[in-house]
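My structure is below; once you've seen it, I'll send some questions.
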Amino acid sequence: MNAKRMLLNAATICFLATAVLLSQSALSGSASATPGDAPVTSDNLKQRVRILELLQDEDDKEFLLVDASLSDLNARVDANEARCERTSKRLVETDKRADKMTQRIGENRSGARMIRASIERLKADLRANGIRLSD
Amino acid sequence: MKTTTIGILFTLLSLITLFAKPFFVSEPVPTMLPDVGTKIKLVVCSATSARKSSLRNTELVNNIVNGLDEDVHVMLLVNDRAAFKQSLNNGRVTFVEIPEESDITIWPQDPFVVVNDKENTKLITPGLFQRKDDRLMAAQLSTILGVEVIQSELLFEGGNIVCGESEVFIGFDTLFINSRVFETSIEEMEKRFSRLFGRPVVTIGNQTQDIGHIDLIVTPLSNHRIAVADSRLGAEITNRTLTQSPDRITRFERNCEKGFFGNAAIEALVDLDGNSIDCPKVVGQTKTAITDSQALADSLDKIASQLSQRGYEVVRIPALIPNQTPETEEQSGPAFPFMSYNNVLTESVANLSIVYLPQYGIAELDAAAIQCWETNGFEVRPIEGFQTSAMHGGALRCCTKVLLRE
């Protein structure tokens, strides 16, 4: 009789324990289901997004992001172009000056040739007149 | 006697509870956030300034933010906050600052994968991620959003992983590289990735990938459907335009070159190492891109066939895919745009399926892609201005990572 009661008690307790575990299982749900069909109220990220949304104005419509460094870059490109233009002008002027110098050098060379020829003629005249020239 | 009996019963009950628990109470297992599903709530993008990057994307960021639904919040990663000014009345965008001395790309899709259970969202980073300083992205987001970052020992890039309603699709290269690193089989690697992402894994392809990231060519859809790029169809449409209206193609090609550096006056830049960055030649290259796209078609057909055999209903979306196997290192940089209409974001709102679709500037091809998605039951929200990012090989999904769905 005692043994029967013990067995009955044990069975009752086991049944209760199983019932408790089954109810826990039913309440916890399965996380392997597709996100979206599981209850989501406690998601930490959702709470954060809710806070971000509170900071959001209702008037928010068009977002406009401007890269100010692009205009810096454009300014740098413009500055470079201006510098190039100035350098180019200077190059043209220098080129002209170089041409003049070349022309002057040419003139000087022909002058030098004329002087050399005159000296040679003078030497020849002196020799013809019996004047001996030292080297 | 009675005390002993109670003691025995108590022990028995404890043992039953201990061993029975796993059968009745399952611990929540985080699963990868799918590419298909409910309304998108939170995304992350990355903006690079003109003075820090040759790929400046401010206009593209504007197009993405304004192209997404009004109540989507955008976390915007920046490493040069001082360079940016934004409209005052806008709280949709939260700036996430990456240290100024670091160098980031515009591709937040790659350095981590998002998983969640009903309690928490977590970011899983690969064991190693060497592209510039993009590994910092997950850590900075974690600081701002209070989400946990878990570093995995596995190697992966988010762009080579897409997630459907029940399965995760991973490109062959990722599994192959990991099988070599961990000296194990592809099947074992599938199991390890499956445990990491909490879903069964399907390997896309069975040999070295022709296209680096599968998110450019494979898009999971709802109801056991999947979209695969069709580069033959994309080539046909583009060829028709080239034959009938060559001026339009030339205009597109010129726009690509003009817009490459964000300023038509800039012909070349110099990188941090002193190497010259040149604008790739696009003018006159569409004909070659059409031929290359046709050559890739069989490989994409095989992927479509693989997924079809697995029981998926496969829909095909046009794509124009230029050469993906550069012969020299110089050719491995930016090139003719990769025009993918699979690199998209999708969501379902009250039985309405929506696709956010990148646009590149060949009107006939853009329109054909829109029509194709519409035929498959989607409301299309086109987002303009992806030609420059496509010259670097990425589009909308590469630029925009979904962190949370409703």
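Values in this text are rule-based calculations from the coordinates and carry no lab data. A quick note: this is a predicted structure, and the numbers were derived from the prediction, not measured. All Cβ positions, glycine included, derive from the backbone under ideal geometry; neighbour counts span all protein chains shown.
Would you calculate the volume per residue, in Å³, of the smallest convex hull containing every Cα atom of the protein assembly as shown?
Working: hull volume 148.5 nm³, N = 541.
In the protein assembly as shown, the Cα convex hull volume per residue is 275 Å³.
Rank these for me by crowding, B:Arg251, B:Arg381, going from fewest to most other beta carbons within 10 Å. Walk me through the intermediate numbers first.
Values: B:Arg251 14, B:Arg381 17.
With the sparsest Cβ surroundings first, the list reads B:Arg251, B:Arg381.
Would you mind getting me the FRET efficiency between B:Arg51 and B:Arg195? Use the beta-carbon distance for r and R0 = 56 Å, nearest 0.05. Numbers along the way, then the final one.
Values: r = 44 Å, r/R0 = 0.79.
It comes to 0.80.
For the stretch B:81-159, what is the largest minus smallest coordinate of the Cα atoms on each principal axis, given in angstrom and ordered from greatest to least?
Principal extents (Cα only, largest first): 41, 32, 20 Å.
If I model a spin label as a point 7 Å beyond the Cα along the Cα-Cβ vector, how far apart are those points for B:Asp271 and A:Glu53 in nm?
It works out to 4.3 nm between the two label points.
Run the quick spin-label model on B:Glu70 and B:Glu379: label points 7 Å from Cα toward the beta carbon, then report their separation in nm to one decimal.
It works out to 1.3 nm between the two label points.
Quick query: amide H of B:Ser46 versus all other amide H atoms, modeled in the peptide plane; which residues come in under 5 Å with a sequence gap of 5 or more or a different chain?
Excluding prolines and chain starts, which carry no amide H, the hits are B:Leu77.
Report the residues of the stretch B:181-201 in range of a label on B:Arg310: point 7 Å along Cα→C-beta, backbone N strictly under 19 Å from it.
B:185-201, by backbone N distance to the label point.
For the protein assembly as shown, with only Lys/Arg (+1) and Asp/Glu (-1) charged at the beta-carbon, what is the dipole magnitude about the Cα centre, in debye rounded to 20?
Working: 58 positive and 71 negative charges, 258 e Å.
In total the dipole reaches around 1240 debye.
Would you work out the charge dipole size for the stretch B:31-405 about its Cα centre, treating the Cβ of every Lys and Arg as +1 and the Cβ of every Asp and Glu as -1, and quote it to the nearest 20 debye?
Numbers: 34 positive and 49 negative charges, 130 e Å.
With Lys and Arg at +1 and Asp and Glu at -1, about 620 debye.
Sticking with this one: Output the peptides B:264-272, B:125-133, B:47-55 sorted from most to least packed, where packing is the average of other Cβ atoms within 10 Å over each peptide's residues.
On the way: B:264-272: 11.8, B:125-133: 15.6, B:47-55: 21.4.
Peptide ranking by packing, descending: B:47-55, B:125-133, B:264-272.
Pull up the DSSP beta bridges for the protein assembly as shown and report the antiparallel fraction as a percent, rounded to 5. Walk me through the numbers on the way to the answer.
On the way: 28 of 59 bridges.
If we restrict to bridges inside the protein assembly as shown, about 45 percent are antiparallel.
Let me ask another. Check which residues have an amide H placed less than 5 Å from B:Ala319's amide H, if you skip close sequence neighbours.
Excluding prolines and chain starts, which carry no amide H, the hits are B:Asp230, B:Ser231, B:Leu233, B:Gly234, B:Ala235.
Binning at 20 angstrom from zero up to the longest distance, how are the C-alpha pair distances of chain B distributed in percent?
So the P(r) values, bin by bin, are 26, 56, 13, 4, 1, 0.
Please list, in order along the stretch A:110-121, the HN-Hα scalar couplings obtained from phi with the Karplus expression 6.51 cos²θ - 1.76 cosθ + 1.60 (θ = phi - 60°), rounded to whole Hz, x for Gly and Pro.
Listing the rounded values in order: 5, x, 4, 5, 5, 4, 4, 4, 4, 4, 4, 4 Hz.
While we're here: Arranged by the count of other C-beta atoms within 10 angstrom, fewest first, what order do B:Ile214, A:Ile51, B:Ile124 take?
Exposure proxy ranking, most exposed first: A:Ile51, B:Ile124, B:Ile214.
Jot down the radius of gyration and Dmax of the stretch A:80-126, Cα atoms only, both in angstrom.
When restricted to Cα atoms, the stretch A:80-126 yields Rg and Dmax of 20.1, 67 Å.
Here's something else I'd like to know. Take the Cα atoms of the stretch B:312-361, find their three principal axes, and give me the spread along each one in whole Å, biggest first.
50, 25, 17
Same structure, new question: If you count, for every residue in B:161-167, the Cβ atoms of partner chains within 10 Å of its Cβ, what is the mean? Mind dumping the intermediate values first?
Working: counts 0, 0, 0, 1, 2, 3, 0.
The mean count of partner-chain Cβ atoms within 10 Å per residue comes to 1.
Quick check on my link table: of B:Lys118/B:Lys191; B:Lys41/B:Lys132; B:Lys39/B:Lys118; B:Lys191/B:Lys401; B:Lys85/B:Lys132; B:Lys52/B:Lys281, which ones sit more than 18 Å apart, alpha carbon to alpha carbon? All intermediate terms of the calculation are to be shown ahead of the outcome.
Values: B:Lys118/B:Lys191 23 Å; B:Lys41/B:Lys132 28 Å; B:Lys39/B:Lys118 16 Å; B:Lys191/B:Lys401 25 Å; B:Lys85/B:Lys132 25 Å; B:Lys52/B:Lys281 23 Å.
Where the Cα-Cα span goes over 18 Å, the pairs concerned are B:Lys118/B:Lys191; B:Lys41/B:Lys132; B:Lys191/B:Lys401; B:Lys85/B:Lys132; B:Lys52/B:Lys281.
With each pseudo-label sitting 7 Å past Cα toward Cβ, what's the A:Ile105-B:Arg81 distance in nm, one decimal?
Distance between label points: 6.2 nm.
Now for a separate question. Kyte-Doolittle mean at least -1.0 and Cα extent at least 30 Å along the axis: which DSSP H helices of chain B qualify?
Values: long enough: B:2-24 (32 Å, 1.37); B:286-309 (34 Å, -0.27).
Correct list, ordered by number: B:2-24, B:286-309.
Once phi is turned into ³J(HN,Hα) by the Karplus curve 6.51 cos²θ - 1.76 cosθ + 1.60 with θ = phi - 60°, what whole-Hz value does each residue of the stretch B:272-282 show in order, with x for glycine and proline?
Once rounded to whole Hz, the list reads 4, 8, x, 7, 7, 9, 9, 5, x, 7, 10.
Let me ask another. For A:Glu93 and B:Ala363, FRET efficiency with R0 = 60 Å and r from the beta-carbon atoms, rounded to 0.05?
On the way: r = 51 Å, r/R0 = 0.85.
It comes out at approximately 0.70.
Before anything else, pin down the relative contact order of the stretch B:31-405: Cα pairs under 8 Å, at least 6 apart, normalised by residue count, whole percent.
Numbers: 750 pairs, mean separation 75.5, N = 375.
Once normalised by length, the contact order is 20 percent.
In whole Hz and in residue order, list the ³J(HN,Hα) couplings for the stretch B:313-328 that follow from phi through the Karplus curve 6.51 cos²θ - 1.76 cosθ + 1.60, θ = phi - 60°; x for Gly and Pro.
Result, ordered by residue: 7, 9, 10, 10, 10, x, 8, 10, 10, x, 3, 10, 10, x, 7, 10 Hz.
Another question about this same structure. B:Ile204's amide H: which non-local residues (gap 5+, or another chain) put their own amide H closer than 5 Å, with H modeled 1.01 Å from N in plane and none for Pro or chain starts?
Those qualifying (amide H under 5 Å, at least 5 residues apart or on another chain) are B:Ile170, B:Gly171, B:Phe172.
Most exposed first by the Cβ proxy, i.e. fewest other Cβ within 10 Å, how do B:Met189, A:Met114 rank? All intermediate terms of the calculation are to be shown ahead of the outcome.
Numbers: B:Met189 23, A:Met114 10.
Fewest to most other Cβ atoms nearby, the residues stand as A:Met114, B:Met189.
So, one more: Could you calculate the FRET efficiency of A:Glu62 with B:Arg240 from 1/(1 + (r/R0)^6), where r is the beta carbon distance between them and R0 is 35 Å, rounded to 0.05? Could you put the intermediate results ahead of the total?
On the way: r = 36 Å, r/R0 = 1.03.
In this case the efficiency is close to 0.45.
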